[in-house]
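Presented below is the structure to which this report refers.
All of the numbers you see were taken from the coordinates with simple rules; none came from a lab. Bear in mind that the values here come from a model prediction, so they are computed numbers and not experimental data. We place every Cβ from the backbone using ideal geometry, glycine too, and count neighbours over all the protein chains shown.
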Amino acid sequence: MVHKYNDPGCRRRSRLNLSGILPRSTVNGPGIRTVVWVQGCPIRCSGCFNKTSWSFFPVNIVSVKELAARILATDGIDGVTFSGGEPFAQAGALASLGDRIKEAGLSLVTYTGYTPEQLMKRRRPAWDHLLRITDLLIAGPYIAHLACTDTCRGSSNQQVIPLSGTILPENGTPEKSEKPENGVEFTIGADGSIITSGFPNQPFVKRLARRCGG
Ligand code: SF4
């Protein structure tokens, strides 16, 4: 169950502030994955595709326990991907969720706008916990002039780091895509809403916006 209300408790380990969730995706890490997008990002890359996720104002407050149950009831997934917003801004709650996911034998991919050096330097217990249970880390800010067509990252400065060895670079490292629309996924919700996910490049986004009259 996802509650929609203003709750300052979203920073606690037992609750998350989400910008969205997609039960099944094939463009956010290897295999079929549930994607959890958290709300709030302090990094604010220029050229970010998802500026509505920057605010830390509560959007969808959900308990870790309920979210874990929902994810673990999804058939046929290989793992879960944490993205954002900035996952490390809610590392405590994501680490609690990640523990339940790993206990169920699913793999964990985590995206972050922080560089690996920044993550190591700060030595925050919750950050270390989330790193410990992450199988594949994609780290670094989005830099528009380094935009690339790799299927798992938006710009070539972002590092794809296999932390556990469960997801090896040949599986997790994105291959170059010759087609600009590769790695983009559109999901139509039960209410008719459309979720766009993946790593479209700028020409593709502009073309799509023109076709949609944007
Ligand atoms: S880290 Fe991600 S969500 Fe945050 S500003 Fe950069 S691209 Fe956007």
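Observations on the model:
- Where trypsin sites (Lys or Arg not before Pro) fall in DSSP loop in the range 14-102, at most 11 other Cβ within 10 Å: Arg44
- D_trans [Stokes-Einstein, Kirkwood Rh over alpha-carbon pairs] for the range 15-178, 25 °C, 0.890 mPa s, µm² s⁻¹: 156
- A simple count of charges around Arg33, restricted to other residues whose Cβ falls under 12 Å of its Cβ and scoring Lys, Arg +1 and Asp, Glu -1, yields -2.
- Taking the fewest neighbouring Cβ atoms within 10 Å as the starting point, the ordered list for Asp135, Asp78 is Asp78, Asp135.
- Amide N of the range 68-95 lying under 14 Å from the label point, which is placed 7 angstrom from the Cα of Ile32 along Cα→Cβ: 72-80
- If R0 is taken as 22 Å, the Cβ-Cβ distance between Glu117 and Thr187 corresponds to a FRET efficiency of 0.05.
- Spin-label model distance (nm) - Thr166 vs Arg24, 7 Å beyond Cα toward Cβ: 2.1
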